[in-house]
Amino acid sequence: IERSFNTKIVIAAHPKSFHKKKPKYFGYREVFFDQTDQLIKKSKFVLVEPSQAISLVIKYRKPALVVYDKLCLTNYKKTMIKYVYEYLKIKSYNLNDLFAFAEIKKLLKVDFKHYKIFEKKYLLASKNIKNNYETLKKRFL
């Protein structure tokens, strides 16, 4: 992906995670804490696990691809993929499958009108009532 898109992959860590700065399991890529907002804002596109960080992808109108490992797919993540990401028309990709550059490029195509509708209906920026995770949990999970 880095070679194909001429970009660098960076890791935005979950705030409660305990990753090292450049762990071997991320190919020695740098891990950033508490910078998810700025990392997504400055990105070309986002590879995202099923996560509430999707609200930032929507906010900044970034193409995204949900990546997952089928062996680690919990019911929560399955539900997120099935309802939230399908609603947004964001494609998902099992990391255990082989892929080609053209395939990934195709999967990253997004119709941003779905983002706009989702943002208006479910995200805090438009409804200033409760936390995004509460709204999404109630509606989709």
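In table form, for the structure just shown:
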| read-out | value |
| --- | --- |
| Selection from region 78-104 of residues that are modelled with pLDDT of 85 or more and charged (D, E, K, R) | LYS78, LYS82, GLU86, LYS89, LYS91 |
| Near pairs, Cβ below 9 angstrom, 6+ apart or cross-chain, from region 97-113 (under 11 Å from ALA64 (Cα atoms)) to any residue that is part of a loop (DSSP other than H, G, I, E, B) and modelled with pLDDT under 85 | ILE104/ILE1; LEU107/PHE99 |
| Check on LYS82, free of Cβ contacts under 8 Å to residues at least 60 places away in the same chain, on the phi < 0 side of the Ramachandran plot and open to solvent by 50 Å² or more (accessible area, probe 1.4 Å) | yes |
| When residues of region 51-73 are limited to those that are loosely packed, with under 14 Cβ neighbours inside 10 Å and assigned to a helix (DSSP H, G or I), the one farthest from the chain's Cα centre (by Cα) | LEU71 |
| SER17 in contact with a strand residue (DSSP E or B) (Cβ under 9 Å, 6 or more places away or on another chain), of a type in the set (Gly, Ala, Ser) and outside any strand (DSSP E or B) | yes |
| Condition met for PHE45 (within 18 Å of ARG3 (Cβ to Cβ), aromatic (Phe, Trp, Tyr) and modelled with pLDDT of 85 or more) | yes |
| Residue match in region 85-94 (condition: open to solvent by 20 Å² or more (accessible area, probe 1.4 Å), farther than 15 Å from LEU47 by Cβ and part of a helix (DSSP H, G or I)) | yes |
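The values are calculated or read from the model by the stated rules, or taken from the named source; none is laboratory data. Only a predicted model underlies this, so the values are computations on that prediction, with no experimental measurement involved. All Cβ positions, glycine included, derive from the backbone under ideal geometry; neighbour counts span all protein chains shown. For the accessible areas, the whole protein counts, side chains as well, though only heavy atoms, and no ligand, DNA or RNA atoms are used. Shrake-Rupley method; radii C 1.70, N 1.55, O 1.52, S 1.80 Å.
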